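*Asks:* Would you mind keeping the following structure in view while I ask a few things?
The values are calculated or read from the model by the stated rules, or taken from the named source; none is laboratory data. Just so it is clear, the model here is predicted, and its values are computed rather than measured. Don't worry about glycine lacking a Cβ; one is built from the backbone with ideal geometry, like all the others, and counts go over all protein chains shown.
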Ligand SMILES: Nc1ncnc2c1ncn2[C@@H]1O[C@H](COP(=O)(O)OP(=O)(O)O)[C@@H](O)[C@H]1O
Ligand SMILES: [Mg+2]
């Protein structure tokens, strides 16, 4: 029997575990990435064919390139490993008539205006918002919804390009600067609150497993230069976990996710204690969240995603692995030292250390929720004191 062929698009260096699982299951794996990532530590021995392009999202080049590959390869599935590949993969599936997420659904996982409108239509709470399209609507929004607001790009990630806006004058000036790019933004109410993420496994429209976590500081504060990145697992079955599980299921249903993994974010308003839907992605969470989830649960999101795709391709039923309920916490910071020495951080709960220039990163794991919280709250200021830079804010996740 001819082996199954999976084409992976990776606009960023990631997804090794996905490829590893494909290989373990005897797939022919093709990886397409950008030239600038050619020297990264890709698992070359597991990748059957490795191709480089200047960019994966330039049309019609990418359609021509993949259609050319398809002349003498039977491509069974196309997988988007990075967020920026989600629409491109959908367009390629539509073009080559390959099963999986198509254009309409992909839009709900990439376009923050599309996800807002869809969530609102399905009765899911969202921060009040307005498209940056019609000026009468913008004026009416600013009259109705008290400032501050956030002006954010509809299809970026890692808080890139997000700006807090304090009054109408500041909005009009920002729109002037954006010119014709303004319609690619959405304006919404700034909701002060705590930010959470839920990482899920979805098979045939069912959320089979969802892990709820809470960020230390809101990601916008961190990425825009205001502290270390911290996140940790919430207590299983707690009130917060239950509320998040419910809204997460609603969002996944509303957006029409059929199979794969999702990373959804919610904000809990300080003013009213309600959870609001922030965004959802059809991929594994970045910034090493996959490893944190693995230390908490025992499963790897990339590997499970590959299993789900392959089960569907082969007409088999995907089975969840056994899920453990440990607690894990992840802490990442920029470091002014090129190779920061974290050996003074030596609690036995440390299960992983990030090996990356000018970065410090640790994962802690324990069966005791409070122990993880205590260590995280000790480590965050200590890491700031020992390593932090006054360098410009990150423009990419600290992955
Ligand atoms: N309406 C909002 N109110 C308050 N904070 C927000 C709001 N929208 C975004 N943020 C902040 O900006 C961060 C990034 O926004 P998000 O919509 O998740 O985009 P992305 O992560 O793709 O850049 C959030 O994690 C949060 O800290
Ligand atoms: Mg986000």
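*Asks:* Say whether the condition of being on the phi > 0 side of the Ramachandran plot and either assigned to a helix (DSSP H, G or I) or not assigned by TED's automatic domain parsing to the domain that holds residue 285 (or both) is met by at least one residue in the stretch 19-39.
*Replies:* Initially, the stretch 19-39 is screened for residues on the phi > 0 side of the Ramachandran plot, giving 26.
In the following step, the residues that additionally are either assigned to a helix (DSSP H, G or I) or not assigned by TED's automatic domain parsing to the domain that holds residue 285 (or both) were identified as 26.
Yes, the stretch 19-39 has at least one match.
*Asks:* Out of everything in the stretch 203-225 that is more than 10 Å from ligand 1 (Cβ to nearest atom) and free of Cβ contacts under 8 Å to residues at least 40 places away in the same chain, what residue ends up being farthest from residue 303 (Cα to Cα)? Full working, then the answer.
*Replies:* Here is the first cut: in the stretch 203-225, the ones more than 10 Å from ligand 1 (Cβ to nearest atom) are 203-214, 216, 225.
Going one step further and asking which of them are free of Cβ contacts under 8 Å to residues at least 40 places away in the same chain, we end up with 206, 210, 212, 214.
On the way: 206: 18, 210: 15, 212: 19, 214: 23 Å.
That would be 214.
*Asks:* Away from ligand 1 (no atom under 15 Å from the Cβ) and free of Cβ contacts under 8 Å to residues at least 12 places away in the same chain, is that true of residue 290?
*Replies:* Details: away from ligand 1 (no atom under 15 Å from the Cβ): yes; free of Cβ contacts under 8 Å to residues at least 12 places away in the same chain: no.
The answer is no for residue 290.
*Asks:* Oh, and also: Please state which one of 63, 105 is touching a residue at least 40 places away in the same chain (Cβ under 8 Å), closer than 30 Å to residue 279 by Cα and not in a strand (DSSP E or B). First the steps, then the outcome.
*Replies:* Working: 63 fails: touching a residue at least 40 places away in the same chain (Cβ under 8 Å).
So the residue among 63, 105 that is touching a residue at least 40 places away in the same chain (Cβ under 8 Å), closer than 30 Å to residue 279 by Cα and not in a strand (DSSP E or B) is 105.
*Asks:* Also: Would you be able to say whether some residue in the stretch 108-116 is away from ligand 1 (no atom under 13 Å from the Cβ) and closer than 30 Å to residue 74 by Cβ?
*Replies:* Checking the stretch 108-116: at least one residue is away from ligand 1 (no atom under 13 Å from the Cβ) and closer than 30 Å to residue 74 by Cβ.
*Asks:* If you go through the stretch 267-304 one residue at a time, how many are closer than 17 Å to residue 245 by Cβ and in a strand (DSSP E or B)?
*Replies:* So the count comes out to 7.
*Asks:* Next up: For residue 6, work out the one condition from (1) in a loop (DSSP other than H, G, I, E, B); (2) buried (at least 18 other Cβ atoms within 10 Å of the Cβ) it doesn't fulfil.
*Replies:* (1)
*Asks:* Report, by residue number, each residue of the stretch 148-202 that is free of Cβ contacts under 8 Å to residues at least 40 places away in the same chain and assigned to a loop (DSSP other than H, G, I, E, B).
*Replies:* 156, 161, 166, 167
*Asks:* Would you be able to tell me the number of residues in the stretch 205-226 that are more than 16 Å from ligand 2 (Cβ to nearest atom) and part of a loop (DSSP other than H, G, I, E, B)? Can you show your working first?
*Replies:* Initial filter on the stretch 205-226 (more than 16 Å from ligand 2 (Cβ to nearest atom)): 205-211, 225.
Okay, now just the ones that are also part of a loop (DSSP other than H, G, I, E, B), so 205, 225.
Of the residues in that region, 2 qualify.
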